[in-house]
Amino acid sequence: MKKHPLEQWGSMVASKKGRLLALVFWVLLVVVLSFAWPQINSIKSESGKNLPESKMSQQAATIIAEQFPNEAGTPLLLVWYRESGLTTDDFVAIQKVYGELKSKPLENQTLIPPYDKMPPQAFLASASDNGTTIVTPIFFEKGVATDSLRESLKALTKTMDKYNIQLDKDLVSDNLHVRYSGPVGIATDAVSLFSQADVKLLIATVLLVLVLLIIIYRSPLLAIIPLIVVVLAYGVISPTLGFLADNGLIDKDSQAVSIMTVLLFGAGTDYCLFLISKYREILFKIEDKTTAMKLAIKESGGAILMSALTVVIGLATLSLAHYGAFQRFAVPFSFGVLVMGIAALVVLPAILVMIGRVAFFPFIPRTEEMARKKDKKQHKPTHKISRKIGRFATHKPWIVIVVTLLLLGGLAAFVPRIQYTFDLLSSFPEDMPSREGFTLIEENFSPGELAPVQLIIDTEGIDINLQQQLTEISYIDSVADSQIGKKNNAIQLYEVSLNANPYAKESLAHIPELRAEVIKMLEAEGIKDADKHIWIGGETASQYDTQQLTVRDETVIMPTMIALIALLLFIYLRSITATVYLLATVIISYFGALGAGWLILHHVMGADAISGAIPLYAFVFLVALGEDYNIFMISEIWKKRRTVDHLTAIEEGVVRTGSVITSAGLILAGTFAVLATLPIQVLVQFGVVTAIGVLLDTFIVRPLLVPAITTVLGKYAFWPGALFKKDA
């Protein structure tokens, strides 16, 4: 009789030669790749583009570059502040700093205004009305890697220290303070936060997984083995991604790398636990450890591969995004999980068989005969709680369905109340320099001055000046004199300062309003097809385009991901019914997690809004990872149904997978919850929502809702597969 492919694979990796070869091959692969290719974290973060050239804000940027070339470069805004009011000595200190920047330019510095020669009276004229704040720029080369800019700012900080200008002290102390803000300050702060997050995340995640594994399994070796497998998998993943990034095949995204670390330790440990659980179960029946591993791979390998493939394909759908940040997540995540899934079926079996039953010490699994001969305990788990849950779900299915749907639906009801923001600064801690600098500008000047809206019109040669009309618009604070294009004098540029935070949601809503207003103005001046003669650029317009693009990506990626996972589920289970309700349960769980996340973030943690990227990120992760648990349990039910009646199969499915999925869920939720300890609000929000979603899947959807629905449907749960035709 021909062996099952997974059993053949089990025979290869569990045999004496096979396990040694598998482990040696993987370790050598890690060593070779680590020496040959750079690690992903060693690659400098480039400021990858998020918006495509076709978006209005990007078209505006192109026109500005052509018609209004600015050789100055990208600005760093130095926000100088003294609470009691700036003094003459403060202006002298600023002059000295600029004098040094003139004689010893920073790396990548292109231009500085001549503040070193400016008299104090001129400084006073530029200061805020209350005399506490002044803003001065330093310009850097465009397109320079953010890591290089960070080095330049370190050198600038040494200059500040020389003149006793405070960067770290609280702003209320009676000193001259400076904060780095503007495009360069914001970009370097963002990279700095994520680079700090990498180390913290890695340490916190490893410790958390280790502690949880020891608490759950009470076996020191069993706690270390999954971590070894994850580390070996990461040893392949990191240099491979480093090679791809170094050769320009992918863009490194610090945020993606940070979250990938969490995902690998969480999901990777889960896949390891799925196999370990099945291996331990079989060791109670079969004495030979090699044979036991063959069967364990045969029985759980399909579910592990299917689970990993679901996550890989789910995360890969992010590559369909038009928004750059979403795209940059696709390859690291999907590739990382793919390698992790392979490692769980190559490295883990080899290690487990080499160590043997000792891996489970002190609760060593033994067959009845082994226990009798050695006069030892079997340490066989009783699954009392899982058995009670399985029995309740199968004997009171309608109560379970109604109560769980009311709970999840009730949480989901809060989703329409969620407020979203596309303000990058709101993700920073309040004491982050660039955010403090912006706050000072907002409090002491017009907030719109930090990032003016750039309005471009093509007059077609008609004599038009819109400055006065624009100034009369209620949400506009001021409008600079119009500038004429250098190559085409029909092109005009107006720099418009809004009277609110240019990154706020309300300001974003003014972009289409402003466009509509200007179109009317141009039509009144006799310009036909006025909508084709206007472009709006600047940070506010870019954020508006980001908002619109995020909505577009959600409407494309979410249905595509559902369709692909549905196809995989149908191929694996051969059941249209099961495919539909398994997907439906994780989708309602996702909305429940989003609603619960908002309740915690808004009412407990005090967040006024959450990042606009959270719904899509959370959807991709929760649907893919939630389906993981469904697949692992439902595959057990499908196997049992071949030999026992319907209700018994469901109960046994819950019992056999209950403890391992609960353990896996706690570990995965814990690793995502680690994100909530970081100072980056977008990661805190993502961590809270995904941790809640994983817990809902682990403790409500998988043990209660799915078994109850499967019970109610009876044989129709398998329709139209072979099990549908089997007697109930």
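The values are calculated or read from the model by the stated rules, or taken from the named source; none is laboratory data. None of these values were measured; they are calculated from a predicted model. We place every Cβ from the backbone using ideal geometry, glycine too, and count neighbours over all the protein chains shown. Heavy atoms of the whole protein, side chains included, go into the accessibility calculation; ligands, DNA and RNA do not. Shrake-Rupley method; radii C 1.70, N 1.55, O 1.52, S 1.80 Å.
Here are the numbers for this structure:
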{"quantity": "Hits among aspartates and glutamates - C-alpha to C-alpha of residue 102 under 12 Å, sequence gap 8 or more where chains match", "calculated": "116"}
{"quantity": "Accessible area per residue, Å², segment 452-537 with all protein chains present, probe 1.4 Å", "calculated": "49 Å²"}
{"quantity": "Semi-axis lengths, Å, the chain, gyration tensor of Cα atoms, sqrt of 5 times eigenvalues", "calculated": "56, 29, 22"}
{"quantity": "Taking segment 607-668 and dividing mean pair separation by its residue count, relative contact order in percent (alpha carbons under 8 Å, at least six apart)", "calculated": "26 percent"}
{"quantity": "Of all accessible heavy-atom area on the chain, the percent that carbon and sulfur account for (1.4 Å)", "calculated": "59 percent"}
{"quantity": "Gyration tensor verdict on segment 107-166 (Cα atoms; rounded if a/c is under 1.5, prolate if a/b is larger than b/c, oblate otherwise)", "calculated": "prolate"}
{"quantity": "Accessible area in square angstrom per residue, segment 71-189, 1.4 angstrom probe", "calculated": "46 Å²"}
{"quantity": "Mean projected area in nm² (Cα convex hull; one quarter of hull surface) for segment 452-537", "calculated": "5.2 nm²"}
{"quantity": "DSSP bridge pairs, the chain: antiparallel proportion in percent, nearest 5", "calculated": "90 percent"}
{"quantity": "Span-like helix ranges in the chain, DSSP H, alpha carbon extent 15 angstrom or more, Kyte mean at least 1.0", "calculated": "16-36, 182-217, 220-246, 289-316, 324-355, 397-412, 576-598, 646-674, 681-696"}
{"quantity": "Relative contact order for the chain, counting Cα pairs under 8 Å that sit 6 or more residues apart, in percent", "calculated": "18 percent"}
{"quantity": "Subset of 17/278; 16/380; 49/162; 104/169; 252/486; 377/640 violating a 29 Å alpha-carbon distance limit", "calculated": "49/162; 252/486"}
{"quantity": "Shape category assigned to segment 71-189 from the gyration tensor of Cα positions, a/c cut at 1.5", "calculated": "prolate"}
{"quantity": "Probe 1.4 Å - accessible area at residue 373, Å² to nearest ten", "calculated": "150 Å²"}
{"quantity": "Segment 357-449: GluC sites (Glu not before Pro) falling in loop per DSSP and having at most 16 other Cβ within 10 Å", "calculated": "430"}
{"quantity": "Sequence-separation-based contact order of segment 71-189, relative, with Cα cut under 8 Å and 6+ spacing, percent", "calculated": "45 percent"}
